[in-house]
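Colleague: Okay, here's the structure, questions in a sec.
The values are calculated or read from the model by the stated rules, or taken from the named source; none is laboratory data. Bear in mind the structure is a predicted one, so any value in this text is a computation, not a measurement. Cβ placement follows ideal geometry from the backbone for every residue including glycine, while neighbour counts extend to all protein chains displayed. Areas reflect the complete protein model, heavy atoms only, side chains present, ligands, DNA and RNA absent. Shrake-Rupley method; radii C 1.70, N 1.55, O 1.52, S 1.80 Å.
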Amino acid sequence: MASISLKNIIKRYGVGKTAVPVIHGVNAEIRDGEFIVIVGPSGCGKSTLLRMVAGLEEITGGELTIGSRVVNNLEPAKRDIAMVFQNYALYPHMSVFDNMAYGLKIAKVAPEEIRARVDKAAKILELSHLLERKPRQLSGGQRQRVAMGRAIVRQPQVFLFDEPLSNLDAKLRVQTRLEIQKLHRELGITSLFVTHDQVEAMTLAQRIIVMNAGNMEQFGTPEEVYHRPASTFVASFIGSPPMNLLQHAPGCQPGQLLGIRPEHLDIGDSGWQVQVDTVEMLGAERLIYGRLGDETIVVRIDEGAQPPQPGQTLQVTPRAGRTHAFDADTGKRIG
Ligand code: ADP
């Protein structure tokens, strides 16, 4: 296991006048054994960052340390990392056992040691009864577990996950997410996990790196990014539906945006006047879409609460201590 230190990490694709800057100087200190999720919209540089840690992309500037070694110029095989991809690419003609053992055979690990490591990984992943099967005889979730097994048997210092769940259907995604959590609890290996899915980020991470257009917008616990978003970008990206960002709400200062999450607006006998447009039933909750003056606002209520009718006027109050202020120009959090 190892800590990972990113010091002013920069990436440009290409050289000279045609060079494309992609990562603009990322700083992060990741502790030994931490589970970190890198989240952000498509094209923000998540994979590039992960691939630089893996050694699959050259680092243009800055310093990357894994454990006690600066690894900028160290080839991937020497970095003591294992990567799990979205496309898990198992060898179709090999058994589950051989798929998991392959890397160790190549590394000339002794057969009895290989047997012991594969058996242990198979036990953790509940694959012991499937070791003789071929990949085509497995479900999608089981294949993804074999891919994780292949990474585990190498006993790396660091796990890197590149959107490993995005090819799975919704139910299997949740299940595999729980398995990854369990795996991390048992093995405690420092992990970097890339996703564009904020729910995956919130549920898996001990700390989250939120990326936006090649910049790190925030690095914090799920509680911090949810309760104290550093910018309007984070406020809109984390949480669904996103935080309301209002320019003209009562009490909003000029040059600022007032942020309030849909779940932190309470309906009562006084407060802001909201004209109801539509109401969505989502099972455990309902979302009320309405207008506050000329701005759109979303209010979340419990499924059991009496739903308002379109056209009705509601009075809502932001819950004490739950409002956020942002600079209207820079989007940065104030206070
Ligand atoms: P993400 O993983 O967040 O979707 P990527 O790290 O794949 O984003 O890409 C970040 C940016 O870098 C994108 O704008 C992408 O077009 C650009 N990019 C990725 N690979 C290359 C490349 N080989 N050459 C030039 N630009 C690239």
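Colleague: Taking N167 and the conditions (1) touching a helix residue (DSSP H, G or I) at 6+ places or on another chain (Cβ under 6 Å); (2) open to solvent by 20 Å² or more (accessible area, probe 1.4 Å), which numbered condition does it fall short on, given that it satisfies the others?
Modeller: Exception for N167: condition (1).
Colleague: A further question on this structure: Residue by residue through segment 126-172, note down the ones that are of a type in the set (D, E) and modelled with pLDDT under 90. Steps first, answer last, please.
Modeller: To start, the set of residues in segment 126-172 that are of a type in the set (D, E) comprises 126, 132, 162-163, 169.
Of everything in segment 126-172, those that are of a type in the set (D, E) and modelled with pLDDT under 90 turn out to be E126, D169.
Colleague: Let me ask something else about it. N99: touching a Leu at 6+ places or on another chain (Cβ under 7 Å), away from the ligand (no atom under 16 Å from the Cβ) and open to solvent by 60 Å² or more (accessible area, probe 1.4 Å), yes or no?
Modeller: Taking the combined requirement at face value, the residue does not satisfy it.
Colleague: Something else: Only one residue in G25, G43 is assigned to a loop (DSSP other than H, G, I, E, B), open to solvent by 10 Å² or more (accessible area, probe 1.4 Å) and not charged (D, E, K, R). Which one?
Modeller: Of G25, G43, the one residue that is assigned to a loop (DSSP other than H, G, I, E, B), open to solvent by 10 Å² or more (accessible area, probe 1.4 Å) and not charged (D, E, K, R) is G43.
Colleague: Okay, moving on. Report yes if T190 is touching a residue at least 60 places away in the same chain (Cβ under 8 Å) and open to solvent by 10 Å² or more (accessible area, probe 1.4 Å), otherwise no.
Modeller: Working: touching a residue at least 60 places away in the same chain (Cβ under 8 Å): yes; open to solvent by 10 Å² or more (accessible area, probe 1.4 Å): no.
It is false that T190 is touching a residue at least 60 places away in the same chain (Cβ under 8 Å) and open to solvent by 10 Å² or more (accessible area, probe 1.4 Å).
Colleague: Can you report the number of residues in segment 120-132 which are over 20 Å from Q181 (Cβ atoms) and buried (at least 16 other Cβ atoms within 10 Å of the Cβ)?
Modeller: So the count comes out to 2.
Colleague: Looking at this structure, is L287 open to solvent by less than 80 Å² (accessible area, probe 1.4 Å), under 28 Å from I38 (Cα atoms) and either assigned to a loop (DSSP other than H, G, I, E, B) or not acidic (D, E) (or both)?
Modeller: In short, no.
Colleague: Filter segment 12-22 down to the residues that are within 11 Å of the ligand (Cβ to nearest atom) and without any contact (Cβ under 8 Å) to a residue 60 or more places away in the chain, then identify the one that is surrounded by the most Cβ atoms within 10 Å (Cβ to Cβ).
Modeller: Checked segment 12-22; the qualifying residue surrounded by the most Cβ atoms within 10 Å (Cβ to Cβ) is R12.
Colleague: Counting just the residues of segment 152-196 that are away from the ligand (no atom under 16 Å from the Cβ), polar (S, T, N, Q) and assigned to a strand (DSSP E or B), which one comes out farthest from K46 (Cα to Cα)?
Modeller: T190
Colleague: Could we say that A110 is more than 15 Å from the ligand (Cβ to nearest atom), open to solvent by less than 50 Å² (accessible area, probe 1.4 Å) and either outside the structural domain of G220 (by TED's automatic domain parsing) or free of Cβ contacts under 8 Å to residues at least 24 places away in the same chain (or both) here? Break it down into steps so the answer makes sense when it comes.
Modeller: Values: more than 15 Å from the ligand (Cβ to nearest atom): yes; open to solvent by less than 50 Å² (accessible area, probe 1.4 Å): yes; either outside the structural domain of G220 (by TED's automatic domain parsing) or free of Cβ contacts under 8 Å to residues at least 24 places away in the same chain (or both): yes.
Spelling it out, A110 is indeed more than 15 Å from the ligand (Cβ to nearest atom), open to solvent by less than 50 Å² (accessible area, probe 1.4 Å) and either outside the structural domain of G220 (by TED's automatic domain parsing) or free of Cβ contacts under 8 Å to residues at least 24 places away in the same chain (or both).
Colleague: In segment 51-88, which residues are surrounded by 21 or more Cβ atoms within 10 Å (Cβ to Cβ), within 16 Å of the ligand (Cβ to nearest atom) and not in a strand (DSSP E or B)?
Modeller: Once the filter is applied, which keeps residues that are surrounded by 21 or more Cβ atoms within 10 Å (Cβ to Cβ), within 16 Å of the ligand (Cβ to nearest atom) and not in a strand (DSSP E or B), segment 51-88 yields M52, V53, G55.
Residues checked against (1) in a helix (DSSP H, G or I); (2) closer than 24 Å to Q86 by Cβ:
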{"residue": "M216", "(1), (2)": "no, yes"}
{"residue": "Y226", "(1), (2)": "yes, no"}
{"residue": "F233", "(1), (2)": "yes, no"}
{"residue": "G239", "(1), (2)": "no, no"}
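Colleague: Please go through segment 299-330 and pick out each residue that is closer than 30 Å to N215 by Cα and touching a Phe, Trp or Tyr at 6+ places or on another chain (Cβ under 6 Å).
Modeller: Start the filter on segment 299-330 by keeping residues that are closer than 30 Å to N215 by Cα, which leaves 321-330.
If the condition is that a residue be closer than 30 Å to N215 by Cα and touching a Phe, Trp or Tyr at 6+ places or on another chain (Cβ under 6 Å), then no residue fits.
Colleague: Starting from residues that are assigned to a strand (DSSP E or B) and over 34 Å from the mean Cα position of the chain (by Cα), keep the ones in segment 249-273 and report whichever is modelled with the lowest pLDDT. Reasoning before the result, please.
Modeller: Initially, segment 249-273 is screened for residues assigned to a strand (DSSP E or B), giving 256-260, 265-268, 272-273.
If we keep only those that are over 34 Å from the mean Cα position of the chain (by Cα) too, we end up with 268, 272-273.
Values: G268: 94, W272: 97, Q273: 97.
Looking at the filtered set, the residue picked out is G268.
Colleague: Give segment 302-321 a look and list any residue that's in a strand (DSSP E or B) and in contact with a helix residue (DSSP H, G or I) (Cβ under 9 Å, 6 or more places away or on another chain), or say none. Lay out the reasoning, then the answer.
Modeller: Step one: filter segment 302-321 for residues in a strand (DSSP E or B), giving 302, 313-318.
Answer for segment 302-321, where residues must be in a strand (DSSP E or B) and in contact with a helix residue (DSSP H, G or I) (Cβ under 9 Å, 6 or more places away or on another chain): just P318.
Colleague: Then there's this: Return the pairs, sorted by first residue and then second, in which the second residue is open to solvent by 40 Å² or more (accessible area, probe 1.4 Å) and part of a helix (DSSP H, G or I), the first residue lies in segment 162-179 and is farther than 20 Å from A89 by Cα, the beta carbons are less than 9 Å apart, and the residues are 6+ apart or on different chains.
Modeller: Correct list of pairs: V174/T203; L178/T203.
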